[in-house]
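A.B. asks: I am attaching a structure below and will ask some questions about it afterwards.
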Amino acid sequence: YEARQPENATLTEGAWWPQDYSGEPLVSFSAEEGKAIGLKLGDSVTVNVLGRNVTAKIANFRQVQWETMGINFVMVFSPNAFAGAPHGWLATLTDKQASTADDARLLNAVTRAFPAVTTVRVKDALDIVNRLVAQLGTAIRAAAGVALIASVLVLSGALAAGNRARIHDAVVLKTLGATRRTLIAAFSLEYVLIGLA
């Protein structure tokens with residue numbers, strides 16, 4: 001839930017609720033996901049939170065910038081939707097100039113100051129995913145290279161296997177009056193067709 005409109009969200013339709021709003025529960029929906037499932041302004045959405053159904057009216061749609069790696073949700077409710085419900089806090093911190101040592105110092109300081117706070121270094125998880133994707137790309141390129149080499153070898157074998165027959169055909173055609181140019185054109189056409197196959 002959020003009383004104020006998130007900084008990284010641009011409303012595409014509707015309006016954000018006042019900070020001191022206390023009426024029926026409202027929800028802000030991600031425009032892309034909302035439109036994908038056919039939602040409109042004023043529609044009601046029911047979610048189950050801790051075994052309690054909460055029904056909220058769609059007050060607005062917003063454009064969510066998922067690539068910012070900040071905290072983003074498909075649905076953001078007005079604070080009164082969950083009044084009295086137990087909850088925790090979630091935050092992100094990004095410093096592009098921070099070194100790994102700076103990150104470690106900050107995480108240690110937060111953990112010492114707030115022992116109940118769980119810290120997760122998302123950069124480590126993203127680095128692992130990036131390495132896996134890079135390895136997968138390397139494996140795909142290697143498999144494609146092996147397939148290419150195998151196809152060249154098979155094609156070479158097919159050409160070599162038919163070499164004796166081609167020599168025989170060339171001798172017969174030459175005896176029947178074929179010119180060197182005609183033989184080269186005929187064999188070139190044959191090789192092109194084999195290559196395309």
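A.B. asks: Quick test of the membrane-span-like rule: which DSSP H helices of the chain reach at least 15 Å along their long axis (C-alpha atoms) with mean Kyte hydropathy at least 0.0?
C.D. replies: 122-161, 180-196
A.B. asks: Next question. Identify which of the listed values of log10 I(q)/I(0) by the Debye sum over Cα atoms at q = 0.11, 0.18, 0.19 Å⁻¹ was calculated from the structure shown: [x] -0.75, -1.22, -1.27; [y] -0.49, -1.31, -1.44; [z] -0.70, -1.34, -1.39.
C.D. replies: [x]
A.B. asks: Here is a follow-up. Could you state the number of Å between the C-alpha centres of the stretch 99-129 and the stretch 1-65?
C.D. replies: 31 Å
A.B. asks: Related question: Sum up the charges of everything whose Cβ sits under 10 Å from the Cβ of LEU159, counting Lys and Arg as +1 and Asp and Glu as -1, but leave LEU159 out.
C.D. replies: 0
A.B. asks: Let me ask something else about it. Among all the lysines, which ones have a C-alpha under 18 Å from LYS40's C-alpha, if same-chain residues fewer than 8 places away are not counted?
C.D. replies: Reachable lysines: LYS57.
A.B. asks: Still on this structure, please answer the following. So which residue, out of GLY137, GLY177, GLY23, gets the largest mean-square fluctuation from a GNM of the chain using Cα contacts under 10 Å as springs?
C.D. replies: Highest fluctuation among the options: GLY177.
The numbers here are math on the coordinates, done by the rules we state, and not lab data. Keep in mind that this is a model prediction, so the values were computed, not measured. Cβ coordinates were reconstructed from backbone atoms using ideal geometry, including for glycine residues, and neighbour counts include every protein chain displayed.
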